[in-house]
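A quick write-up on the structure given underneath.
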Amino acid sequence: VTIRTSDGHSIYKTGKDDSLANQPDDVIIGDHVWVGTRSEILKGSVIPSNTIIGAYSLVNATFEKENCIIAGQPAKIIKEGYNWDRKSPILYSKIK
């Protein structure tokens with residue numbers, strides 16, 4: 001998983017002010033979030049609590065809904081009303 005709060009290089013407007021065009025920005029990740037393998041979370045992203053990020057996703061936006069599965073490139077909500085547990089799926093099905 002890669003989490004980046006900046007682009008790692010500067011992009012600036014040439015001229016009198018030389019203003020920076022790509023300011024760094026925070027990444028906010030809520031509680032109880034499962035981030036799938038090889039996902040990238042870019043500056044300015046907000047991931048709410050109780051969320052699942054699918055493998056290989058590119059998160060570059062603010063999400064507000066909890067209990068969702070977010071996936072894709074760029075990531076979007078693909079399912080709602082889901083949460084996750086650390087228990088093995090085999091154990092989970094035996095408990096129910």
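The values are calculated or read from the model by the stated rules, or taken from the named source; none is laboratory data. Source: prediction; values computed, not measured. Using ideal geometry, Cβ is built from the backbone for each residue, glycine included, and neighbour counts are taken over all protein chains shown. Keep in mind that these areas ignore ligands, DNA and RNA; they rest on the heavy atoms of the full protein, side chains included. Shrake-Rupley method; radii C 1.70, N 1.55, O 1.52, S 1.80 Å.
General observations
- Options 66, 40; residue that is surrounded by 14 or more Cβ atoms within 10 Å (Cβ to Cβ), among the charged types (D, E, K, R) and in contact with a Gly (Cβ under 8 Å, 6 or more places away or on another chain): 66
- The set of residues in the range 42-74 being farther than 16 Å from residue 84 by Cβ and in a strand (DSSP E or B) consists of 46, 58, 59, 62, 72.
- Within the range 1-19, restricting attention to residues that are touching a strand residue (DSSP E or B) at 6+ places or on another chain (Cβ under 8 Å) and open to solvent by less than 70 Å² (accessible area, probe 1.4 Å), the residue that is nearest to residue 47 (Cα to Cα) is 2.
- Qualifying residue in the range 78-91 (condition: among the acidic types (Asp, Glu) and either modelled with pLDDT under 95 or open to solvent by less than 50 Å² (accessible area, probe 1.4 Å) (or both)): yes
- Restricting the range 20-37 to residues that are over 18 Å from residue 82 (Cβ atoms) and not in a loop (DSSP other than H, G, I, E, B), the residue that is most open to solvent (accessible area, probe 1.4 Å): 28
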